[in-house]
Structures are given as structure tokens and as C-alpha cells.
Amino acid sequence: MGKWLIYGYGNPGRMDDGLGNCFVEEMQAWLSQHGMENIDTESNYQLNIEDAEKISSYERIIFVDASQEVIDNYAFTKVNPGNARVEFTMHAISPAYVQYLCEDLFKKKPDTYLLHIKGYKWDFKEELSETAAQNMKAALHFLQSELKRDYSNS
């Protein structure tokens, strides 16, 4: 198992938009307890073009973000840099665009995924809604199970 990065992003001051950041906090503690030292974590308010360099040194990236999309509790999807589009402003960089830049500028092709966690409330408040917190726990359980399986196979 090579070097991995779990990267959560969102605004914790906008309730469920902070799901990615909360997920990373929980995951950091779990990774430490299980001695999984080759998995790094990172969190930020949003993705930036500089993240292309950051992800270039990893074999696998898992971006974690809140979702307003029609999904169940969470969804785990492969990021396709072919779906990347240049945004009019740099405020809305997608994981696909970060991966596209990584491949184009650094000639690296990490295996990249997005863990979308269903959110419901976006008010200016620093707390998760109860249902979003339950969705995050389900997503944590899913990813922890995957990581245990991958560790036992390496």
C-alpha cells in the first residue's frame, strides 16, 4: 500500500458544508489508533489550484465533501480528470480539475476518489445537522472498512 491522502474540504461555519472537515478530524483519530501511518489527512475551506502539487506525491487521494445532490447517505465515486472544466472564478475548483492539473503539470496520475456525504442545512452556524452527522458516521464506517481490507491485502 503506497502513500494515501484523505482530503476533506468545506466551510465549518455553514453547518453541513463542514462535513468534509469533520470527517477528517474523526478519521485522523481513527488512523492514529490503528497505526496507519502511510495515510495523511488534510482539510481546507475549498480546493485550490496549489492542491495539484500536493496530491502529486500520493498514490491514492480521497476527497471528502458535503453534497446537496440526490444521493443516499453518501456516495463514493472515481474522479475523472476528463470531466474537469475551467471555472470562471477560482472559487469553485473541483477534484477533477485538481487531478487534471496534477496530471498536466506534474505528470502524476494518482488514483482519485470523491466521498460525497449528504448534507441538509447550510445556515451560518458551526454544527452539523443531526441527519448529516449520521450520514458522516455511515461514511466513516464505509471508508474505515475499506482501509482495513486494503491494509490486510498489502
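Below, the figures for the structure above:
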read-out: The lone exception for Phe142 - which of (1) of a type outside the set (D, E, K, R); (2) buried (at least 20 other Cβ atoms within 10 Å of the Cβ); (3) not in a loop (DSSP other than H, G, I, E, B) it fails; value: (2)
read-out: Cross-chain or 6+ apart pairs with Cβ under 7 Å, region 108-134 first and of a type in the set (Asp, Glu), then part of a loop (DSSP other than H, G, I, E, B); value: Asp111/Glu59; Glu126/Pro12; Glu126/Gly13
read-out: Residues of region 101-139 satisfying the condition of being more than 18 Å from Lys3 (Cα to Cα), of a type in the set (Phe, Trp, Tyr) and touching a strand residue (DSSP E or B) at 6+ places or on another chain (Cβ under 6 Å); value: Trp122
read-out: Criterion violated by Ile93 - all others in (1) part of a helix (DSSP H, G or I); (2) surrounded by 18 or more Cβ atoms within 10 Å (Cβ to Cβ); (3) touching an Asp or Glu at 6+ places or on another chain (Cβ under 9 Å) satisfied; value: (1)
read-out: Of the criteria (1) assigned to a loop (DSSP other than H, G, I, E, B); (2) among the small types (Gly, Ala, Ser); (3) in contact (Cβ under 8 Å) with a residue 24 or more places away in the chain, which one Ala75 fails; value: (1)
read-out: Subset tally (residues that are part of a helix (DSSP H, G or I) and under 10 Å from Cys22 (Cβ atoms)) for region 118-136; value: 3
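Residue by residue, here is whether (1) in contact with a strand residue (DSSP E or B) (Cβ under 6 Å, 6 or more places away or on another chain); (2) without any contact (Cβ under 8 Å) to a residue 60 or more places away in the chain holds:
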position	(1), (2)
Tyr9	yes, yes
Asp16	yes, no
Glu42	yes, yes
Asp51	no, yes
Val64	yes, no
Ile71	yes, yes
Val79	yes, yes
Asn83	no, yes
Gln99	yes, yes
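Bear in mind these aren't lab numbers, they're just calculated from the coordinates by the rules spelled out. The structure displayed is predicted, hence computed values, not measured ones. Here Cβ is always computed from backbone atoms with ideal geometry, including for glycine, and neighbour counts include all displayed protein chains.
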